[in-house]
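Chemist: This is the structure I have questions about; it appears just below.
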Amino acid sequence: MKPLGSLSLDLDNEWAYIKTHGDPAWESFPSYLDVVVPRFLAMLERLGQRITVFVVGQDAALEKNRTALRSIAAAGHEIGNHSFHHEPWLQRYSLEEIGREITSATDAIADATGVRPVGFRGPGFSLSEATLETLVDHGYRFDCSTFPTYIGPLARAYYFMTAKLTPEERAERKELFGGMRDGLRPLRTYHWSLPGGRTLLEIPVTTFPILKIPIHFSYLLYIATIAPWLALPYFRLALWTCRILGISPSLLLHPLDFMDGNDVATLAFFPAMQMPLARKLAVLEGALGIYRSIFEVVPVGEHAAAIEREGAAIKRGVVPQFGV
């Protein structure tokens, strides 16, 4: 019997990307959900694969997105919360601001999809003690916001190099994608210890064990643009390393994995957006096939339930210091 792994998709929309990038055009909330949602649902249906889709509350609050979002739940996929405003500096919010953010997103997502989320991922893997406490207060069962890797500063440098930001905006985004210390966080699941004896299950986004370099699908597609022969063997090696070490992986997709620069010209500067769509989807489907051949791949909520049943989440993080 294959061990469990989980799969999710962060449904970042076009406006969310360009907002972080400093483009004022985000204020009209341009959307590609009507393009990307049918595309990834078709692939998942063909594979017989259910996943967790983390939805942004602002998208759920807009009537123009309701049909696409409801189709995700109707197809049997789990719905998660990806914040309301999708600001990757969420860790700078006060406890009161976080409360409004989580409440607004939860209500909008439940209204749009008919499903009340119980799992959360912060935009840009942003996380704070206030966020964790608020999630517990609102009945959330798990968080998936940690990304144990050392490359956060490099990703941030690339983003700043291509972005149009004021000095104030740069200061606001100074912790975007995290820092070197994030690489010290564990890959295995654990519980955060919160005030009052409360806990919350953390399911990290998996990186290559020991090396702590990314293995999620956007990164694989980037590798495929510069070394096509390397991407899938690298992915297979990473997954077998996880299996040998007893690590149950949790991997994620992004909408741009299912699009190219012809679909959304404003985001053509992103890595792998110049790869022709047919080739991109072929690499992606091949990687998903490898993942499914090594692990039993389920939505994150099912992964969390299995962890709790088996008592596998035994490591406790010290929240104020984000210790390991």
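Chemist: Using protein chains only and a probe of 1.4 angstrom, how many square angstrom of TRP26 are accessible, to the nearest 10?
Modeler: Per-residue accessible area (TRP26): approximately 60 Å².
Chemist: I need the shape label for region 1-120. Rule: rounded when a/c is under 1.5, else prolate if a/b > b/c, else oblate, with a, b, c from the alpha carbon gyration tensor.
Modeler: Prolate is the answer for region 1-120, as a/c is 1.5 or above and a/b outweighs b/c.
Chemist: Also: If I model a spin label at ARG198 and VAL35 as a point 7 Å from the Cα along the Cα→Cβ vector, what separation in nanometres do I get?
Modeler: 4.1 nm
Chemist: Whenever you get a sec, line up MET1, MET43, MET180 from highest to lowest accessible area (probe 1.4 Å, protein heavy atoms).
Modeler: Greatest to least solvent exposure: MET1, MET180, MET43.
Chemist: Per-residue ellipticity at 222 nm for the chain, helices alone: DSSP H runs ≥ 4 residues times -39500 (n - 2.57), over residue total, nearest 500 deg cm²/dmol?
Modeler: Calculated mean residue ellipticity at 222 nm is -12500 deg cm²/dmol.
Chemist: Continuing with the same structure: On the protein heavy atoms, probe 1.4 angstrom, tell me the percent of accessible surface of the chain carried by carbon and sulfur.
Modeler: 59 percent
Chemist: Ok, one more. How do ARG121, ARG50, ARG66 stack up against each other in accessible area, from largest to smallest, with a 1.4 angstrom probe?
Modeler: ARG50, ARG66, ARG121
Chemist: Just to verify a number: what accessible area does VAL283 come out at with the full protein assembly present, 1.4 Å probe, Å² rounded to tens?
Modeler: For VAL283, solvent-accessible area is about 30 Å².
Chemist: Another question, if that's okay. Rg and Dmax of region 177-220, using alpha carbons, in Å: what are they?
Modeler: Rg then Dmax for region 177-220, in Å: 12.8, 41.
Chemist: At 1.4 Å probe radius, can you tell me the per residue accessible area of the chain in Å²?
Modeler: 40 Å²
Chemist: If you don't mind, another one. Could you give P(r) for the chain, binned at 10 Å from zero, as whole percent values over all Cα-Cα pairs?
Modeler: 6, 27, 39, 24, 4, 0
Chemist: Specify which residue in the list ILE247, TRP89, LEU284 is farthest towards the positive end of the charge dipole of the chain, using unit charges on the beta carbon of Lys, Arg (+1) and Asp, Glu (-1), about the Cα centre.
Modeler: Projecting each Cα onto the dipole axis, the largest value belongs to ILE247.
Chemist: Below 20 Å, Cα to Cα, which aspartates and glutamates can LYS2 reach? Residues fewer than 8 away in the same chain don't count.
Modeler: GLU285, GLU296, GLU302, GLU308, GLU310
Chemist: Quick one: putting +1 on the C-beta of Lys and Arg, -1 on the C-beta of Asp and Glu, what dipole do you get for the chain around its Cα centre, in Debye to the nearest 20?
Modeler: It works out to roughly 1120 debye.
Chemist: Can I ask one more? Filter the DSSP H helices in the chain by two things, a Kyte-Doolittle mean of at least 0.5 and an axial alpha-carbon span of 24 angstrom or more, and list the hits by number.
Modeler: Span-like helices in the chain: 277-294.
Chemist: If you don't mind, another one. Using a 10 angstrom cutoff on alpha carbons, build the Gaussian network for the chain and name the most mobile of HIS77, HIS21, HIS138.
Modeler: The residue with the greatest mean-square fluctuation here is HIS138.
Chemist: Using only protein heavy atoms and a 1.4 Å probe, report how much of LYS2 is accessible, in Å² to the nearest 10.
Modeler: Near enough 80 Å² of accessible area.
The values are calculated or read from the model by the stated rules, or taken from the named source; none is laboratory data. On a predicted model such as this, the values are computed, not experimentally measured, just so you know. Methodologically, a virtual Cβ is constructed for each residue, glycine included, from the backbone with ideal geometry; neighbour enumeration extends over all protein chains shown. Keep in mind that these areas ignore ligands, DNA and RNA; they rest on the heavy atoms of the full protein, side chains included. Shrake-Rupley method; radii C 1.70, N 1.55, O 1.52, S 1.80 Å.
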